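Heads up, the thing below is written out as structure tokens.
The values are calculated or read from the model by the stated rules, or taken from the named source; none is laboratory data. The structure displayed is predicted, hence computed values, not measured ones. All Cβ positions, even for glycine, are placed from backbone atoms using ideal geometry, and neighbour counts span all protein chains on display. Just the protein is used for accessible areas: all its heavy atoms, side chains included, with ligands, DNA and RNA removed. Shrake-Rupley method; radii C 1.70, N 1.55, O 1.52, S 1.80 Å.
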Amino acid sequence: MIGTLTLSSLLLLASPSDTTTRVPGVRAIPRSGEIVIDGKLDEAIWSGPAAITTLLQSSPDEGAPATEAIEVRFAVDDDAIYVAARLFDRHPDSVMALRTRRDRESQSDFFEVLLDPLRDLRTGYFFSVSAAGVQGDGVLQNDNWSDNSWDGVWESRVHRDATGWTVEMRIPVSQLRLPPAGAAPWGVNVGRGIGRRNEVSHYVPRLRQGAGFVSRFADLEGLEELQPRRRFEVLPYATGRTESAPSAPGNPFRSDGQLQQTLGVDLRLGLGGGLQLDATLNPDFGQVEVDPAVVNLSDVENFFEERRPFFVEGSSTFAFGYGGANNFNGFQWVNLEPFYARRIGRAPQGAVGGGDHADVPNGVRILGASKLTGRVNGWNVGALGAVTERTFADVAAGGERWRAEVEPLTGYGVLRVQRDLAGGRHGVGMLGTLTRRDNADGPLADQMNRGAVLAGVDGWLTLDSDREWVLSGWGAWSRITGTPERMLAVQRGPTHYYQRPDAGHVSVDPTRTSLDGGFGRLSLNRQSGSVLFNAAIGAVTPGFDNNDLGFVGFTDLINAHVLTGYRWTRPTRLAQSARVQVAAFGRWDFDGTRTGSGIWSNNNITWKNFSSSWIGTFASTGSTNVRATRGGPAMYQPARAEVFAGWESDRRRAVYFGLNGFVHDAQQGASNGWGAGANIGWRPASHVTLSVGPEYRRLRDGWQYLRSVADPLATNTYGRRYVFGELDQQTLSANIRANWIFSPTLSLELFAQPLVSSGRYTGVRELRAPGSFDFLRYGEDGSTIDRSTGAVDPDGSGPAAAFNIGQPDFTLASLRGNAVLRWEYAPGAALFVVWTQDRSMQENVGTFRPGSSLEGLLEGDGRNVLMVKATYRLGR
């Protein structure tokens, strides 16, 4: 405690004393008589004294009494918790009742109930209802965070009258994980939002300068005799799908308009003891929302969010490394996910060769999957298993047809356990993942890993009694196995680059049949107070690889940062809140080479009228880049500076908009550019929203990698020439959305993303010497280049061999969009009608002409998919 006080005194700010203040408990009364969930509160049970009558603001005026009165009552029977709330409003006509889809945020007035049934002071559930009757729900985790991917089956209704509005809820206990009967009281909190004032209030307020939220909930008493109910749900479903797409002339595999039909079933079963089994047979794992179009000229794989409901729901159970602290900053830290569900059922990875035409499935079919989640003897447990089928592509050439295997039969497994200690002040957990492929024989043995395993440990330690300082750590070890040919490809691949000729700590071993490595990271975070502090140090060894069932962009990294700042959370004459942050960071490889360092700052303010603005800077010093040559020697990376800023109007208005932009420049002409974007929204009616977000970027990169060419005369660069282009790239894109919400259970959503990106190479050059930023520009110093043919001779009439780079200029145009009609026709049951279109074109022309590019895109044929899916819920 002495060390903690010393650290606090250095910051000259003590922790807020009210973070541990307990509010009076509330009691649920036994249900007497029937309760009809209609929102009118006309049953006799709701006429007694209210359990809660006062709320305190979480924002904008933290700690102040709520501006409007409230009465909340609770009741209970053997099957459910009942909640009734009267939300008084002196101006009932001003209540904002905006229709959205379930779980979507809006400026609507709302009421919410938050429950911690296990009373573990860190986890729980929330159930919210807007003044328009739209439901929202999810789980609470890590004391401060929420995740709305969980969807429960519960009832709610709202009613408007001359005094404000009322809410009635029925939450079946079968939807919750409960302690044994007679256990300690639950934790409870309630909240209210008043949209026109941007006001959010709670019985136990969420303190922006305080530590903890779930840990400070009030006691909910009167539930001692409540018995846990086992959840049992069977959800059969049927899908129909038809697709049409353009194809090359003579392609024998395209059969547009063919209807594909699928039947399947999902099962959710409570096993007792807080465990729940989710299983699916012949599942439909198609995602409704489309992934964004991107232009990736780097050597790092794109990371896309998981959108498939089976994997999204309950994903927080498998979260690893993010416990205890409420802030996990990372500056030049690698994107690393120990478990990345999109590896399951992804596009086939095997190569198809030797054919004129090939019909390759878009994704590998998942034969079955199951999840087991819950709590056993104080441990939070999550287990997931899935099996994907052996997948073939149909190939044709010269009048002959055959099938080529592109993905073997594969099994995936994940196990996660985690335990809170000392009322959530400390915690420890473990994660394990396993991938196993049936590819011991055949061509796929050299194209994919045979197996992969990962084992990790994470945890946190609260350093003081006020929960002000938290030390968090996580780390894992990985091992992949395969044939020597496969391991050789992995070592030389972009994740590792073991072949770097000037790297003293890694080298290619062609006899390897496995690769091992690990990562670890330790961070210290200040949870509360006006002064901000976060520091971390971490490392990823060169051999770490979890890309079979996880995600890591690159390895061979040591990284550290320190961040501090100050925040103002009390309203002033000019502003509602403000924050200033600054950080310093550094990065090295395991050879001790400094690969990056710099400073970052970000300053934002929410003004009195609830508009907001921000401005920040990023500056990096000159350093060594060991990846730019993609397996070749290191080179110098000049210093770079960037300024970014933005402004957004008050989203309570029917029309709102925002602007953002950036400008950056680097020394020695390495790069420069700027970009600007806007976000414009219009709400013509309470149930209709339109938005468009255009963005334009102009980037000039003087060292965009093109290729490397073997040449024994290039002795300065280890027998290869590393060729770069001086790229001038322009990109115009937009996100366009239109939402029509007919009722809280019926909605139509439209989305479109046009994108045009053109890149023109104004020059081509090669690296003269390792560790430098010195280039030979082709066409100078005796070298020649013919841009029309791509022919390059690095020394003209000299002995060096000529080579060809082709035509690297490009224009990529894309239009992706979908229309989704959702009808939740019964609790837990839904009908989806989804139309998706995808158009794209690419040409070797670098002239930026977005109008003609989009016109040409629309004149051609696109890929169209129409899908109908109906689900029904049976059970309790």
Given an 8 Å cut-off on Cα distances and at least 6 residues of separation, report the relative contact order of region 589-673 as a percent. 23 percent
Please report the accessible area of Tyr718 (heavy atoms, 1.4 Å probe, ligands and nucleic acids excluded) in Å², nearest 10. 120 Å²
Per-residue HN-Hα couplings for region 474-487, Karplus 6.51 cos²θ - 1.76 cosθ + 1.60 at θ = phi - 60°, whole Hz, x for Gly and Pro? 7, x, 7, 10, 10, 8, 10, 10, x, 5, x, 5, 5, 5
Determine the gain in length on full extension of the stretch Ala248-Asp77; use 0.36 nm per residue of separation and subtract their C-alpha separation, reporting nm with one decimal. 55.1 nm
Put Ser840, Ser298 in order of accessible area, largest first, probe 1.4 Å, and you get Ser840, Ser298
Give the ranking of Thr617, Thr280 by solvent-accessible surface, highest area first, calculated with a 1.4 Å probe. Thr617, Thr280
Give me the distance in nm between label points sitting 7 Å out from Cα along the Cα-to-Cβ direction at Thr511 and Asn335, one decimal. 3.8 nm
The chain - percent of accessible surface contributed by carbon and sulfur, probe 1.4 Å: 55 percent
So which trypsin sites (Lys or Arg not before Pro) in region 191-240 pass both tests, a DSSP loop state and at most 15 other Cβ atoms within 10 Å of the Cβ? Arg230
With every protein chain present, what is the per residue accessible area of the chain (1.4 Å probe, Å²)? 43 Å²
Quote the relative contact order of region 172-223 in percent (integer), defining contacts as alpha-carbon pairs under 8 Å separated by 6+ residues. 39 percent
CD proxy, 222 nm, the chain: helix-only mean residue ellipticity via -39,500 (n - 2.57) per DSSP H run with n ≥ 4, per residue, nearest 500, stands at -1000 deg cm²/dmol
Taking the reciprocal of mean 1/r across every pair of different Cα atoms in region 98-212, the Kirkwood radius in Å is 15.0 Å
Distance in nm between pseudo-label sites at Arg567 and Ala801 (7 Å out along the Cβ direction from Cα): 6.0 nm
For Glu155, project a label point 7 Å along Cα to C-beta. Then give me every residue of region 57-85 with its amide nitrogen under 20 Å of that point. 73-85
Round to the nearest 0.05 the FRET efficiency obtained for Glu221 and Asp838 when R0 = 51 Å and r is the Cβ-Cβ distance. 0.35
First measure r as the distance between the Cβ atoms of Ser852 and Asp441, then evaluate 1/(1 + (r/R0)^6) with R0 = 45 Å and state the FRET efficiency to the nearest 0.05. 0.30
Calc'd 3J(HN,Hα), region 149-163, phi into Karplus 6.51 cos²θ - 1.76 cosθ + 1.60 (θ = phi - 60°), Hz, glycine/Pro = x, comes to 6, 7, 10, x, 10, 8, 10, 7, 8, 10, 9, 9, 8, 6, 9
In the neighborhood of Ala347, defined by Cβ-to-Cβ distances under 13 Å, what is the net charge if each Lys or Arg adds +1 and each Asp or Glu adds -1? +1
Taking the Cα centre of each part, how many Å lie between region 67-115 and region 403-443? 41 Å
Quote the relative contact order of region 384-532 in percent (integer), defining contacts as alpha-carbon pairs under 8 Å separated by 6+ residues. 17 percent
Taking the Cα centroid of region 624-677 and of region 307-376, what is the distance between the two, rounded to the nearest whole Å? 29 Å
Counting only protein chains, not ligands or nucleic acids, how are Leu121, Leu522, Leu220 ordered by accessible area (probe 1.4 Å), most first? Leu522, Leu121, Leu220
Taking the Cα-to-Cβ direction at Ala791 and at Ala184 and moving 7 Å from each Cα, how far apart do the two end points lie in nm? 8.2 nm
Does region 577-622 come out rounded, prolate or oblate by the C-alpha gyration tensor, with a ≥ b ≥ c the root eigenvalues, rounded set by a/c under 1.5 and, if not, prolate when a/b is larger than b/c and oblate if not? prolate
Students often check this: by mean Cβ neighbours within 10 Å, which of 729-736, 136-143 ranks highest, and how do the rest follow? 136-143, 729-736
Tell me, what is the 1.4 Å probe accessible area of Trp46, in Å² to the nearest 10? 10 Å²
Computed accessible area, Lys608, all protein chains, 1.4 angstrom probe, square angstrom: 90 Å²
Estimated vicinal HN-Hα couplings, Hz - region 559-569 in sequence order (Karplus 6.51, -1.76, 1.60; Gly, Pro = x): 9, 8, 8, 9, 10, 9, x, 9, 10, 10, 10
Extension gain from Tyr718 to Val457, taking 0.36 nm per residue of separation minus the Cα-Cα distance: 89.8 nm
Starting from the Cα of Val295, step 7 Å toward the Cβ, then list every residue of region 837-868 with an amide N under 20 Å from that point. 838-860
Which of the following values of Rg and Dmax of the Cα atoms in Å was calculated from the structure shown: [x] 29.5, 105; [y] 29.4, 100; [z] 35.7, 121? [y]
Mind pulling up the Rg/Rh value for region 782-876? Radius of gyration and Kirkwood radius, both on Cα. 1.39
Distance between region 134-152 and region 472-502 - C-alpha centres, whole angstrom: 37 Å
